Each structure stands twice: as C-alpha cells, then as structure tokens.
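Read through the structure below, which is laid out as structure tokens, and then see the notes.
The values are calculated or read from the model by the stated rules, or taken from the named source; none is laboratory data. Everything quoted here is computed from the prediction, not taken from an experiment. Ideal geometry is used to build each Cβ from the backbone, glycine not excepted, and the neighbour counts take in all protein chains shown. For the accessible areas, the whole protein counts, side chains as well, though only heavy atoms, and no ligand, DNA or RNA atoms are used. Shrake-Rupley method; radii C 1.70, N 1.55, O 1.52, S 1.80 Å.
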Amino acid sequence: MTKNIKLATLSAALLNTSLLAAPASASSDDVGAYLGVNIGLNFQDDQDSFGSPNRNLSLDFDNGEIFSGQVGYKFKERGAGRFRAEFELSYRSNDVDNIIFNGNNPAGGGEQDVLAGLVNVYYDFTKVSKKFVPFVGLGIGFAELDSDVQYGAAFLNDDDTTLAYQAIIGGEYKVNDKFSIVADARYFVLDDPELTRFGGPAPAQFTELNSEYDSYALTVGVRYSF
C-alpha cells in the first residue's frame, strides 16, 4: 500500500509539473528514432519480508548502481511539447548492509539485483528552450528480482518475476542535432515479489516470504537521434 501511495504521489507531482510548464521559445521538430544509454546510483529502500510461521526479515541496503539502455521514437510537436515512447532495458544492484530477523541481528550479507524491461511514455517540453528540454514520464513492464542473501543458517536465495512500474522526471541538453546529454531521477517499484527462504531449523526450512521492492535512482547518459 505504501509503495502505491508513493507512486501515485509522484505521478500527481509530474502531472502538476506538466500543467505548469509554459512555452518560452520554439525548438526544432526532430521527429524520429533514437538510442540512449544511462548510468547512475540506485538507492534501494529497506525491504520487509513476511512469512509464516514467524519468519519475518528486514534488509537494509548500501547505495548501488544502475545501468540502462533505450530505443525510442519522438513524435511530432503539438502544443507545449511532444510525446515520446521507448523500450528500456535496465539493471540495478545493491549490497545488503544490515539484516534483522525476528528482532535479532544475525551475521550475514549478500545482494539483490533487478533486471527489468519497460515501456516508457514521456512528455517533452520542447518549447522551454532550444537547448534544454525538461521531460516527465511513466513506465510499465516486467522485472526479475534476484536475491542472494545469507543470514545465520538461512538463505534468501531465490528470484521472482513481477510487474514493474516507474515514474521519471529529468532534462535533456542538446549538444547538437544528433547528440544530447540526459539526466533524470526515477522511482521504481515491483508488484509484491515472493521469495523462498530455505535452511535453518525445522519445521520451516522452506518458507515463502511475501516481500517488496522499491528504489530511487539518479542517472546521467547520452542520446543519439537519427
């Protein structure tokens, strides 16, 4: 529920930004395809996982990295800007910093990785400036959460594929007609992944945990327009 509230709040903020944007000067109508790559920092939120009987786990994470690549298409300008659509493939990774299991702090560690494929739809405010183009976007797709975590005699070594969503806000600086530098901030969330814990004493060596995943990321990259 908290993840959905965060996503709805950020989506509303993006909508308000688009409504407040005002034209300033004309820019070129560069309709067509593009390719992009991004790299940045990924900040994974604390992850709480719950299982029965009494197998509750909380993980804190170090700051990690994110890599992504995009192929997309820019549509014709209309009004204050234009729509843009793309397919994005991304990879995120974070190491475990702290583990709490049923109120205890067992020794352990590990990492979690996410490989995601999403379709993103953007609105570019092309009338703001000839060189700088702010944008907002929303994405939906699928992602695989791969968990490799060990604590005490137990392991959370499993993966799950779920729906994934993200909200994005950023800007593009046009170096020339072909190349741009891009920076953005994004909030990314998975739809309630389930992970299996195994190991430890009976009777719950194999326990399915209802889990969660959400993260914030800051990225920079380059884009080439055809």
(message) Looking only at residues that are aliphatic (A, V, I, L, M) and open to solvent by 10 Å² or more (accessible area, probe 1.4 Å) in the range 87-100, which one is modelled with the lowest pLDDT?
(response) I100
(request) Look at R92 and say whether it is farther than 30 Å from S52 by Cβ and basic (K, R). (result) no
(message) Restricting to the range 88-125, name every residue that is part of a strand (DSSP E or B), touching a Lys or Arg at 6+ places or on another chain (Cβ under 9 Å) and not charged (D, E, K, R).
(response) F101, Q112, V114, L115, A116, N120, V121, Y122, Y123
(message) Can you tell me which condition V128 does not meet? The list is (1) modelled with pLDDT under 95; (2) surrounded by fewer than 19 Cβ atoms within 10 Å (Cβ to Cβ), and all the others hold.
(response) (2)
(request) Kindly state which strands (runs of 3 or more DSSP E) lie completely within the range 160-226 and contain at least 2 residues that are closer than 23 Å to F43 by Cβ and in contact with a helix residue (DSSP H, G or I) (Cβ under 6 Å, 6 or more places away or on another chain). (result) 179-190
(request) Among residues belonging to the range 101-120 that are touching a residue at least 12 places away in the same chain (Cβ under 8 Å) and out of contact with any Asp or Glu (no Cβ under 8 Å at 6 or more places or on another chain), point out the one that is most open to solvent (accessible area, probe 1.4 Å). (result) A107
